[in-house]
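Please treat every number below as a calculation from the coordinates, not as lab data. None of these values were measured; they are calculated from a predicted model. Reconstructed Cβ throughout: ideal geometry from the backbone, glycine too, with neighbour counts over all protein chains shown.
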Amino acid sequence: MNSSLSVPASLLPSISSNTAHILSFLFTTSYVGSIYLAQTRLFTPSSSSRSPSRTSSSTTTTTPNGSVPSSQPGIPPILASDKDAFPQPTPSPSTEPSNTGGPKLGSRDHPLTIRRRMNAVICATSLSISGVYYVVKSLSPASTSNSWQSAVRPTMSLLGLSTLNSFALSPSSIIVGGWRVLPYMLAPSLLIGPLFAMYLDGELPVLGGRRYGEGIWKRIKRGWREFGLVEIRNFIVGPITEELVFRSTILAVSILGRLPFKSMVFGTPMWFGIAHAHHALEVYRKNGSTKSAAVQALLACLFQLTYTTLFGWFASYLFLRTGSVLPPLTAHIYCNMMGIYLPGSAIQRHPKQARGIWGSYFAGIAVFVWGLKRL
């Protein structure tokens with residue numbers, strides 16, 4: 001474990017392991033609970049922020065005279081795979097107008113829902129960080145407990161926020177411009193295969209697919225224009241708040257609770273996996289709340305629990321070895337950009353490139369394992 005994460009001698013004795021588990025539970029439930037609390041008026045943005053805004057750069061459907069139909073708010077579809085992205089049936093006069101042409105009000109990709117949830121998780125994250133600060137301050141010696149500044153530095157160290165620029169890694173770590181870059185290379189190296197498959201498909205993360213006559217600079221500018229609320233949630237607010245809660249705060253109290261290194265690497269990510277289980281309820285509701293929907297929700301939940309836990313193992317190890325939240329945060333953002341890209345589906349689309357696809361996937365795994373051993 002990185003020396004910057006060691007419990008300062010002034011904070012001895014530390015909290016019990018049971019207290020660490022209880023605090024981890026509270027941090028997790030406050031984060032997930034805030035998402036559902038966000039549906040209340042408590043986190044409703046101001047009226048000025050409710051004006052129709054882009055959630056992606058898709059063009060809003062208009063009538064021949066150029067006006068937006070009254071039954072169709074100016075909200076474009078988000079994802080073709082999202083059921084909300086397809087036009088809703090035309091409502092009858094006796095029913096409430098539907099949100100044709102975009103996510104339904106109340107769905108996770110509706111702009112109002114996104115804003116509310118982002119506000120909520122930011123508040124929950126702030127409370128969890130404050131909780132760690134309170135624990136550190138309560139453990140501080142009586143001679144310094146009256147000074148709030150005395151607990152700031154050890155709190156920042158335990159949260160992985162005081163060593164963003166330098167990591168006490170092995171001397172063999174790769175250094176570029178004063179930065180030890182190896183921790184930032186692990187996630188991209190593991191996903192060499194998916195990146196190659198996306199290249200074959202004519203896709204690039206965030207920028208999307210190629211268009212006829214469009215160069216790389218135009219693609220970059222188009223990607224910037226299309227960077228809307230969904231991207232802000234997926235690539236900025238979501239990763240930052242999740243890493244601060246499920247890595248920084250939970251590992252901080254685990255360190256204060258003297259949990260073993262293996263327990264922190266392989267045990268604490270379960271909180272991260274459990275926190276994503278609530279998506280099963282959304283899948284169940286979205287698919288009609290039927291028995292078939294329940295099976296789909298259960299399978300989706302198990303799949304998501306698996307890969308979030310696996311990523312949690314990797315992110316926790318990165319955090320503990322580097323003493324910084326920045327490497328797992330950048331890995332989180334990169335993985336969100338890439339998504340799940342299996343080799344089988346890529347080979348079906350490009351059978352002549354089967355050897356290259358398999359080779360790139362295995363090469364990525366080999367480079368990842370090599371780099372992980374050198375941390």
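Below is a table of values for the structure above.
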item: Gained length - Trp358 relative to Met337, 0.36 nm times residue gap less alpha-carbon distance; result: 5.4 nm
item: Within-14-Å neighbourhood charge of Leu5 [Cβ basis; K, R +1; D, E -1]; result: +4
item: Long-range HN-HN contacts of Ala38 with modeled amide H, under 5 Å; result: none
item: Counted charge near Ala331, where neighbours are those whose Cβ lies closer than 15 Å (Asp, Glu -1; Lys, Arg +1); result: +1
item: 3J(HN,Hα) from dihedral phi, segment 314-325, Karplus parametrisation 6.51/-1.76/1.60, rounded to Hz, x for glycine, proline; result: 5, 5, 5, 4, 4, 4, 5, 7, 9, x, 9, 7
item: Amide H contacts under 5 Å for Arg180, placed H, 5+ residues apart; result: Phe167
item: Packing-based ranking, highest mean first, of 230-243, 294-307 given that Cβ atoms within 10 Å are counted; result: 230-243, 294-307
item: Under Karplus coefficients 6.51, -1.76 and 1.60, residue-wise ³J(HN,Hα) of segment 17-22 in Hz, glycine/proline x; result: 5, 5, 5, 4, 5, 5
item: Charge tally in the Cβ shell below 15 Å around Ala280, where Lys, Arg are +1 and Asp, Glu are -1, Ala280 excluded; result: +3
item: Eligible lysines near Lys291 by straight Cα distance, threshold 30 Å, same-chain separation 8 or greater; result: Lys83, Lys104
item: Interchain or long-range residues, amide H under 5 Å from Gly323's placed H; result: Asn2
item: Those trypsin sites (Lys or Arg not before Pro) in segment 245-315 that DSSP places in a loop and that have at most 15 other beta carbons within 10 Å; result: Arg258
item: Set of lysines near Lys262 by C-alpha distance (under 30 Å), chain-local residues within fewer than 8 positions excluded; result: Lys137, Lys373
item: Per-residue HN-Hα couplings for segment 267-282 [Karplus 6.51, -1.76, 1.60; θ = phi - 60°; Hz; x = Gly/Pro]; result: x, 5, x, 4, 5, 5, x, 4, 5, 8, 5, 5, 5, 4, 5, 5
